């Protein structure tokens, strides 16, 4: 007599340590194999877009901090670029460099966290995570020196940055760059070519390039599939047109390639930071803009950046008032999440969490 | 050879095993904040404040509540308006520092503390008396004039209102002089009947309504 089996539906989340926030996956299993996946999100919805309609343009900067809370600086940058385009304000050179520098430091911090949690999902019990956090801590210290906060930074303002870096910031940054090379090399030696990591992640959950493009996936997830699409190269903003860096790409599109691309991006980001330190010149750090901004009625703008997770964009429409008529956030995590079903179906339970970790989603940004 | 990279990784952990931990054992030892740290509690200099409520208007969450009255006793101290209420509901504050940025007279500063938890929500509302009596250890956030002096909010001496501010305190005194009620006022600006304060007494509907709102928080 054959054994009668039937598929089983399991809820992962909404509160689960490996879902990177309040995210729920309703998965149907046949034994260990995944038959069906339904991602359910919206548990962290705070109505950022609606809240933006009743705040003035500078106050919205504080809202953008809370979208992708591990890369606040890049969120600020995207929003400020949108508002500057709306106003037609020219940002001073020094501010552009400071923005580029801080955004790249933030990218390093975000990737370190992404890598750390990806490896923790893989079962490394926190060792690489703590190695990453050690360096991230130093970056947060630099941010504290710069703007007084560690996570919710609000450092940038429409028209530049709120203030120049203090004098002791530059020696501290040099010290950090010196230490980081050693620490990052340690992390690479620890995990990058570890055989267990390779076996668990090579060839798992492959995202083909055509699907990635069709689903408008962006960021390291797209670049791991073989495209070299990067807004820092394709449409340089702030000071990226003066920076010399490479866009690391991989062709496999599997979990390991996504992890590998992030590791390589950290190296490139540090390269950009070094160039910023060399090229930065004294000058003004904020354009002459009033506290309360009033763009012309009917104007609209789309400010986009290459955030640590992908293409982050703010679409702002003005009706001439002190707050935007509408603000739309194009968040990379949400769009990258749309390929979850394709990535997971057919793979095993133990790969599911790893794949989710390799996408490096942030629920603050998905639900907004 | 299979496993060579794992051995490399174990060498890294072995090397770090002998090192001192990077973490700080918090209650016993503390990391010193940077002078720009945006934290609790707010430092407010009454002598500099004109009650313009720029901070209240600029706060994204609207947690600063200011009530001023045209006063008859305040001119003795050199002011036209008296601050009746200056409440900061710090329980909803996100320490963005926009109120400090908006203050045109450098009267409001961020603090540098981070461990002022309270047991009840009512204690999280900082009122005017609390602000008057608090220790004046302003953070240098958005105040370059403090940075230039090399002042350190943690461990430095409390700063007097004359020590802080973009403009010298003499400038500020002159500015406040301009607000004196006894300066010559053009005849067409003088109201026909003198201003009555009765709408601002304790049990007036306007004030008690706002008080109830504050309590509901």
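The values are calculated or read from the model by the stated rules, or taken from the named source; none is laboratory data. Everything numeric in this text was worked out from a predicted model, so none of it was measured. As a convention, Cβ positions derive from the backbone with ideal geometry for all residues, glycine included, and neighbour counts pool all protein chains shown.
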Strands (runs of 3 or more DSSP E) fully within region A:1-92 counting 3 or more residues that are modelled with pLDDT of 85 or more and in contact with a helix residue (DSSP H, G or I) (Cβ under 9 Å, 6 or more places away or on another chain)
A:24-30, A:33-40
If I ask for residues that are outside any loop (DSSP other than H, G, I, E, B) and either more than 14 Å from residue A:272 (Cα to Cα) or touching a residue at least 24 places away in the same chain (Cβ under 8 Å) (or both), which ones from region A:230-249 would you list?
A:231, A:232, A:234, A:240, A:242
Determine whether residue A:153 is more than 10 Å from chain B (Cβ to nearest Cβ) and either buried (at least 23 other Cβ atoms within 10 Å of the Cβ) or under 16 Å from residue B:33 (Cα atoms) (or both).
no
Given (1) within 14 Å of chain A (Cβ to nearest Cβ); (2) on the phi > 0 side of the Ramachandran plot; (3) touching a helix residue (DSSP H, G or I) at 6+ places or on another chain (Cβ under 9 Å), index of the condition residue B:95 fails
(3)
Would it be correct to say that residue A:53 is surrounded by fewer than 23 Cβ atoms within 10 Å (Cβ to Cβ), within 14 Å of another protein chain (Cβ to nearest Cβ) and farther than 30 Å from residue A:352 by Cα?
yes
Looking only at residues in region A:82-113 that are within 27 Å of residue A:136 (Cβ to Cβ) and over 21 Å from the mean Cα position of the chain (by Cα), which one is surrounded by the most Cβ atoms within 10 Å (Cβ to Cβ)?
A:95
From the list A:301, A:323, pick out the single residue that is outside any strand (DSSP E or B) and surrounded by 15 or more Cβ atoms within 10 Å (Cβ to Cβ).
A:323
On the given criteria, is residue A:317 in contact (Cβ under 8 Å) with a residue 40 or more places away in the chain and over 17 Å from residue A:71 (Cβ atoms)?
no
Given (1) on the phi < 0 side of the Ramachandran plot; (2) surrounded by 17 or more Cβ atoms within 10 Å (Cβ to Cβ), number of the condition residue A:195 does not satisfy
(2)
Filter region A:178-208 down to the residues that are touching a residue at least 24 places away in the same chain (Cβ under 8 Å), away from chain B (no Cβ under 13 Å) and closer than 23 Å to residue B:17 by Cα and list them by number.
A:180, A:181
Would you check which residues across region B:104-128 are assigned to a loop (DSSP other than H, G, I, E, B) and within 11 Å of chain A (Cβ to nearest Cβ) and list them?
B:104, B:112, B:114
Options A:346, A:364: the member that is part of a helix (DSSP H, G or I) and touching a strand residue (DSSP E or B) at 6+ places or on another chain (Cβ under 8 Å)
A:364
Can you find, within region B:142-161, the residue that is nearest to residue A:148 (Cα to Cα) among those that are away from every other protein chain (no Cβ under 14 Å) and exposed (fewer than 13 other Cβ atoms within 10 Å of the Cβ)?
B:155
Of the residues in region B:7-56 that are in a helix (DSSP H, G or I), surrounded by 15 or more Cβ atoms within 10 Å (Cβ to Cβ) and within 9 Å of chain A (Cβ to nearest Cβ), the one that is farthest from the chain's Cα centre (by Cα) is B:8
For region A:28-44, check the following and say yes or no: at least one residue is surrounded by 15 or more Cβ atoms within 10 Å (Cβ to Cβ), under 30 Å from residue B:56 (Cα atoms) and in contact with a strand residue (DSSP E or B) (Cβ under 6 Å, 6 or more places away or on another chain).
yes
From A:295, A:282, residue being in contact (Cβ under 8 Å) with a residue 40 or more places away in the chain, assigned to a loop (DSSP other than H, G, I, E, B) and crowded, with 20+ Cβ neighbours inside 10 Å:
A:295
What is the one condition in (1) surrounded by fewer than 24 Cβ atoms within 10 Å (Cβ to Cβ); (2) within 21 Å of the chain's Cα centre (by Cα) that residue A:307 does not satisfy?
(1)
Within region A:161-175, the residues that are more than 10 Å from chain B (Cβ to nearest Cβ) and surrounded by fewer than 20 Cβ atoms within 10 Å (Cβ to Cβ) are A:170, A:171, A:174, A:175
Residue check for residue A:58: within 22 Å of residue A:299 (Cβ to Cβ) and in contact with a strand residue (DSSP E or B) (Cβ under 9 Å, 6 or more places away or on another chain)
yes
So, in region B:108-120, of the ones that are touching a strand residue (DSSP E or B) at 6+ places or on another chain (Cβ under 9 Å) and modelled with pLDDT under 85, which residue ends up farthest from residue A:149 (Cα to Cα)?
B:116
Identify, by number, the condition in (1) within 14 Å of chain A (Cβ to nearest Cβ); (2) farther than 16 Å from residue A:149 by Cβ that residue B:139 doesn't meet.
(2)
Of everything in region A:137-161, what is out of contact with any strand residue (DSSP E or B) (no Cβ under 7 Å at 6 or more places or on another chain), touching a residue at least 24 places away in the same chain (Cβ under 8 Å) and under 13 Å from residue B:96 (Cα atoms)? Give them in sequence order.
A:151, A:152, A:153, A:154, A:156
Given (1) out of contact with any helix residue (DSSP H, G or I) (no Cβ under 7 Å at 6 or more places or on another chain); (2) more than 30 Å from residue A:243 (Cβ to Cβ), identify the lone condition not met by residue A:318.
(1)
